[in-house]
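Written below as structure tokens is the structure these notes are about.
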Amino acid sequence: MHIFFKAISAATLTLGLIWATSAITRPPYDGRAGIAYAKATAPLRGQSLDVHLWYPTEPGGRAVTVGGNGVFHGTPAGRGAPPAPGRHPLIVMSHGAGGNAGQFGWIASKLAAAGYVVALPNHPGSTSGNASAIEAARIWQRPQDVTAVLDEITSHPQDYPFVAPARIGVLGFSAGGYTALALSGARVDPARLAAFCDAGGRGMSDCDFFARFGVDLHAIDLTPAAQDLRDDRIGFAVVVDPGIVETLTSDSLGRIDLPMLVINLGAEAHVPAPVHARALSETVPGAQYRLVADATHFSFLAECTPKGPAILVAEGEADPLCTDAGGRSRGDIHAELADTILQFLGTAAAAGSGAGAGAVVNGS
């Protein structure tokens, strides 16, 4: 399986040897969530996407920590751990604008331990340290990234023998939530998207980000945002605080015909308008809607380290990435989110059949 044991080029041989040497000293892994890394060719981008691949394992391999830095805790995983027997539902998860795959190991590991494969691509131009305002405005590129990941996995079944190709889904957070909706059949009204910042950010920092880099949505050709980006391989979806919900057409939402769980973070009166999704959930036939108490928009990110808040202040970060609404810890919020998502997937993924069944997860 080349996703686990890829040949190393001369240019990366030294790095590979360093990793191999350090791996020998790492403790054995006895958990149930493995991590591997893959690449997916993205024609629209003209480059390959880096993909974190979480999968159910048997004990084995070496214990590693995925993600994590001075601000966020990382997640334990098994590198080189043997896949659990059988084929498992695939969830493609999309991170939010300015996020990255490593921030969502907390949920990916829980899903993997519960029997799901989770593919987490990094969206070029929209990741931590590689965020571009103009790329963020080209929202139609994100769903096509996920389609590229699905093309990679479904066209190379010999390399992903633990994936059940008839049970594929998407999970997305913030901009990733929009991504999941677009892949499910939602379409954007370009005129509404152009006017998105006319009334200010309304509790979100996106419009400040555009203004800081001189991006005027009215001056950009946004017509590609109206295209149909549905991927028929997807059979179910989970969307958390989905972005730009006000720009989505009611007609397209009303035609979505797959199981969907819609989650807003926090008390309903405090959910920012650009991600407030109750009306959306009432327009998508059969969609379930849940509110998670004591949370904020950023509660879906990894837990913060004790020094995380101070580091963010020192770096001038505009968003309160480590702040929850009070009442309980982010760890407790994550536990509720994981339980809610797994309960939904237990029914939605089990019902999947045929090439069009699936689920996608993404984030902002």
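For every helix of n ≥ 4 consecutive DSSP H residues, a contribution of -39,500 (n - 2.57) applies; sum these over the chain, divide by its total residues, and give [θ] at 222 nm rounded to the nearest 500 deg cm²/dmol.
Rounded to the nearest 500, the figure is -8000 deg cm²/dmol.
So what's the net charge close to Val64: Lys and Arg +1, Asp and Glu -1, counting the other residues with Cβ under 10 Å from its Cβ?
Local charge sum for Val64: +3.
Can you give the relative contact order of the range 91-211 as a percent, counting alpha carbon pairs under 8 Å and 6+ residues apart?
Computed value for the range 91-211: 33 percent relative contact order.
With θ set to phi - 60° and the Karplus curve 6.51 cos²θ - 1.76 cosθ + 1.60, what are the ³J(HN,Hα) couplings of the range 222-232 in order, to the nearest whole Hz, using x for Gly and Pro?
Those phi angles translate into 9, 4, x, 5, 7, 5, 7, 10, 4, 10, 5 Hz.
With charges only on Cβ, +1 for K and R and -1 for D and E, what is the dipole size of the range 208-364 about its Cα centre, in debye, rounded to 20?
That gives the range 208-364 a dipole magnitude of about 280 debye.
Hey, what's the Cα Rg ratio for the range 18-164 versus the globular rule of thumb, 2.2 N^0.38 Å?
1.05
Expressed as a rounded percentage, what relative contact order does the range 37-108 have, with Cα pairs under 8 Å and six or more residues apart?
Computed value for the range 37-108: 27 percent relative contact order.
Kirkwood Rh over alpha-carbon pairs of the range 165-227, then Stokes-Einstein at 37 °C and 0.692 mPa s: what D in µm² s⁻¹, rounded to an integer?
Value of D from the Cα-based Kirkwood radius: 246 µm²/s.
Rolling a 1.4 Å sphere over the protein heavy atoms, what is the accessible area per residue of the chain, to the nearest Å²?
For the chain, the solvent-accessible area averages 41 Å² per residue.
Cut-off 10 angstrom, C-alpha nodes, Gaussian network model of the chain. Which of Thr57, Thr223, Thr247 fluctuates the most?
Taking springs between Cα atoms under 10 Å, the residue moving most is Thr223.
Return the inverse of the average 1/r over all pairs of distinct C-alpha atoms in the range 99-204, which is the Kirkwood hydrodynamic radius, in Å to one decimal.
Kirkwood hydrodynamic radius for the range 99-204: 15.6 Å.
For the chain, set up a Gaussian network in which alpha carbons nearer than 10 Å are linked by springs, and say which option among Phe72, Phe236, Phe104 fluctuates the most.
Ranking Phe72, Phe236, Phe104 by mean-square fluctuation puts Phe72 first.
When DSSP beta bridges are limited to those with both residues in the chain, what percentage is antiparallel, rounded to the nearest 5?
In the chain, approximately 50 percent of DSSP beta bridges are antiparallel ones.
Is there a quick way to get the dipole size of the chain? I mean about its Cα centre, with the Cβ of Lys and Arg at +1 and of Asp and Glu at -1; what is the value in debye to the nearest 20?
About 920 debye.
Find which of His88, Thr41, Ala180 sits farthest along the positive direction of the dipole of the chain, computed with +1 on the beta-carbon of Lys and Arg, -1 on that of Asp and Glu, about the Cα centre.
After comparing all options, I get His88.
Report, largest value first, the span of the C-alpha coordinates of the range 100-157 along each principal axis, in whole Å.
Largest first, the range 100-157 extends 38, 28, 14 Å along its Cα principal axes.
Within the chain, what whole-number % of the accessible surface is contributed by carbon and sulfur, with the 1.4 Å probe and all protein chains included in the calculation?
Of the solvent-accessible surface of the chain, carbon and sulfur hold 55 percent.
Relative contact order for the chain: what percent, with Cα pairs under 8 Å and sequence separation of 6 or more?
For the chain, the relative contact order is 20 percent.
How are the C-alpha pair distances of the range 182-330 spread across 5 Å bins, as whole percents from the shortest bin up?
2, 9, 15, 18, 18, 17, 12, 7, 2, 0
The values are calculated or read from the model by the stated rules, or taken from the named source; none is laboratory data. All values reported here derive from a predicted model rather than from experimental measurement. Note that we place each Cβ from the backbone using ideal geometry, even for glycine, and neighbour counts take in every protein chain shown. To get the accessible areas, we keep the full protein, side chains included, count just its heavy atoms, and leave off ligands, DNA and RNA. Shrake-Rupley method; radii C 1.70, N 1.55, O 1.52, S 1.80 Å.
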